[in-house]
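Encoded as structure tokens, the structure appears first; notes follow it.
Read-outs throughout are calculated quantities, based only on the coordinates presented, and are distinct from any laboratory measurement. In this text the structure is predicted, and so the values were computed from the model without any measurement. Every residue, glycine among them, receives a Cβ derived from its backbone with ideal geometry; neighbour counts consider all protein chains shown.
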Amino acid sequence: MIVLVGRIGKMDWIAIFCCLLVCNLKSVVCSTGDEFKVDGKVLELDESNFDSAISSFDYILVDFYAPWCGHCKRLSAQLDEAAPILAGLRKPIVIAKLNADKFTSLARKHEIDGYPTLKLFMLGVPVDYYGPRKADLLVRYLKKFVAPDVSILSSDSSISDFVEAAGTYFPIYIGFGLNEMVISNLAIKYKKKAWFSIAKDFSEDAMVLYDFDKVPALVVLHPSYNQQSIFYGPFEDEFLGDFIKQNLLPLAVPMNHETLKLLKDDERKIVLTIMQDENEEKSLKLIKLLKAAASANHDLVFGYVGVKQWEEFADAFGANKKSNLPKLIVWNGDEEYFSVIGCESLDDEDQGSQMSRFLDGYREGRTEKKRIKGPSFMDFINSIIGIRAVYIIVFLVAMLMLIRSLSKDDEDHRGGSGEEVDDHAETESSEYGAGKKED
């Protein structure tokens, strides 16, 4: 408490004001420090503390959720389990959540159009999170973002440990006999998409295991696809950069929601093969041909999808169970695709030669441009504003149609006798009055 005695001059008031200001600032700083602790608990954010939370931590994963969303409730349990593990890392990752259904201005600011949506804020910069959502896999995935840009490996065992710890969600680049500075800039550039390491010391057994016969060599592994590629140089930025960028994806990419998100940053055209079932023996043989074609055509991405696995996606390109499959097209990743005249599909005989003719026809311009089938109206609306808003719009449209219908009925009855109009008005008042109040 401040007690004022006697007359207070102008300078005294300024001094008192400055004192109060400093006290308030200290209070704010203390409360912020107390409010945000790396204690392994999931933070609950709102409009009053969202920005300060983002600026308080180098790494914070935010779950934009809605209380009524079943997927959000299941994810919440996984985040609660992962939070203490991530908080214990050398560079902690904090998990927080925001009720995006309530704090809509923040949801709009961060372009949230569905629930749950996860965003990782690194030094205040948001990055969409497309990784796994089960606690143990989520932890392994997020460790990538706080790992060193380039890990230095000094033995065969450290190489094995590194590959094991890296998991299967990112490609793994290992430079054997390379100088760290050769890949450091590219490792920083692609840190969010791949693991990078340099093996300083290794045995001939490691060379046999990773299938290279001379150094320097850069090996890239895709553990989830059981695939690897080797680069022997030249190690200038242009050539090395092209190799790293082209190998961020496997040689043959299975089309699904996750890989489509990865492909959005790749400017190459996609040679898409549509088949009945990805798991059939003849499809597996065709996928091997796609990998071989990809190895010889690095300027294109080679992908495949089974109608059985993703019928809606295949149908966008005019392919279904009744189509003559496998079907080949070249897709620009957006609204247009190209069929090669005379090479629209593959038969069972010598598919390798047919693939070569297809690629030659595409490069020579013997193509027909087409447009993919657009999404339905409901899909389009849902992709922009979310399903909850769709229900609201449908409800409002239905109410508007009901009001117009009632108004029309009222006008029709007004065309009758005055007595009929009065009777109807009384009946309508009693019939719809309570209903309107209930709505």
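Observations, loosely collected:
- Placing unit charges on the Cβ atoms only, positive for Lys and Arg and negative for Asp and Glu, gives the range 63-201 a dipole magnitude near 460 debye about its Cα centre.
- Amide H to amide H, with H built 1.01 Å from N, residue 227 comes under 5 Å of 222, counting only residues 5 or more places away or on other chains.
- Diffusion coefficient, µm² s⁻¹, Stokes-Einstein with Kirkwood Rh over alpha-carbon pairs of the range 254-323 at 37 °C and 0.692 mPa s: 260 µm²/s
- Lysine pairs in the range 147-246 with Cα atoms under 14 Å, if 8 or more residues apart or on separate chains: 4
- log10 of Debye I(q)/I(0), alpha-carbon scatterers only, for the range 147-246 at 0.17 Å⁻¹: -0.69
- More than 17 angstrom apart: percent of Cα pairs within the range 252-291: 35 percent
- Shown for the range 43-142: lysine pairs separated by 8 or more places, or found on different chains, whose C-alpha atoms are under 20 Å apart, numbering 11.
- Extension gain, residue 39 back to residue 264 (0.36 nm per residue minus Cα-Cα distance, nm): 77.4 nm
- Of interest is the spacing of the C-alpha centroids, which for the range 118-149 and the range 251-330 amounts to 28 Å.
- The orientation-averaged shadow of the Cα convex hull for the range 252-371, equal to a quarter of the hull surface, comes to 6.7 nm².
- For the range 204-292, the equivalent ellipsoid derived from the Cα gyration tensor has semi-axes of 27, 18, 11 Å, listed largest first.
- In units of the rule-of-thumb radius 2.2 N^0.38 Å, the range 32-167 shows an alpha carbon radius of gyration of 1.11.
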